[in-house]
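In what follows, a structure is listed as C-alpha cells, so that the remarks can point back to it.
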Amino acid sequence: MENFIHTFNTDPTVCDQLIQYHTDNIEYKAEGKVGDGTQVIKDVKESVDVTFYNNSNHAVIKNYFSELQKGYVSYIEKYNLQYLKLGTENGSVLQYYPPGGGFKQWHWERAQNNTSSRQLVFMTYLNDVTDEGGTEWMYQGVKLEARKGLSVIWPSDFTHTHRGIVSPTQEKWIATGWFSYLNF
C-alpha cells in the first residue's frame, strides 16, 4: 500500500553549507515556536530556528532550493499531480535540536488556521544521528533514520501525523518547510 512518503537524496555539501548558514546567522535565530507561532513550549518543541526564503539571493539557499526542486518534481511525477500549482512562497526553517531536543509531540502541518494553504511538507536531515533522532509517522507505521542528505516529502494533513524521535545524546539539524498553493 502506498504511504505517500517520498524520499530522495540531497547533496551532502549543501547540508554542510546549511548548517554553517544557521550557525553564522545571528539576526534571524530564535527559539522554536509552536501553536500560533508565538509560544515557546520546550516539552513540545525544543529547537533553535532560522527562517529562510526561496527568493533569497544567498548561494546556499539557492543551492538548497535547486536540490529540493528535483525531489518535488519526482514527487509530482510519481503521483501524477502536474495540475497542482504549488510553491515555497512561505518561509522555510533551519532547525537545530540539541541532545534531548526535537519536535516531541505528534502533530500535522495544517493543524492551525494560518496553515491551511500547506499541501506538502519537505524535510532534509542535515547530519547523521545514530542514537535515535529520526522521524516517525503515526498512521503509516514508518520510521526514518536521520541520515545526512536524506530528504522527505509527504502530505501535510492529519493523515500524516508525525513527530521527531528525540536523540538523548546527539544534536540534530534539519531544513523543513511547505509547498503551498500559490496566490495568483
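Structure values in brief
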{"quantity": "Matching residues in region 18-39 - criterion: being under 11 Å from L94 (Cβ atoms) and among the polar types (S, T, N, Q)", "calculated": "Q20, T23, N25"}
{"quantity": "Residues of region 42-61 that turn out to be surrounded by fewer than 14 Cβ atoms within 10 Å (Cβ to Cβ) and either in a helix (DSSP H, G or I) or among the hydrophobic types (A, V, I, L, M, F, W, C) (or both), as a count", "calculated": "1"}
{"quantity": "Close pairs (8 angstrom Cβ cut-off, 6 or more residues apart or separate chains): farther than 11 Å from Q170 by Cβ in region 126-148, assigned to a loop (DSSP other than H, G, I, E, B) and among the small types (G, A, S) anywhere", "calculated": "G134/A146; T135/A146; K143/G134; L144/G134; E145/G133; E145/G134"}
{"quantity": "Residue satisfying condition, being closer than 26 Å to V142 by Cβ and either charged (D, E, K, R) or part of a loop (DSSP other than H, G, I, E, B) (or both), within set E89, E2", "calculated": "E2"}
{"quantity": "Output for region 62-101, where each listed residue is without any contact (Cβ under 8 Å) to a residue 24 or more places away in the chain and either surrounded by 15 or more Cβ atoms within 10 Å (Cβ to Cβ) or charged (D, E, K, R) (or both)", "calculated": "K62, F65, I76, E77"}
{"quantity": "In region 144-182, the residues that are in contact with a strand residue (DSSP E or B) (Cβ under 8 Å, 6 or more places away or on another chain), farther than 21 Å from F52 by Cβ and of a type in the set (S, T, N, Q)", "calculated": "T161, S167"}
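Bear in mind these aren't lab numbers, they're just calculated from the coordinates by the rules spelled out. Since the structure is predicted, the reported quantities are computational estimates derived from the model, not experimental observations. Heads up, the Cβs are rebuilt from the backbone with ideal geometry, glycines too, and the neighbour counts pull from every protein chain shown.
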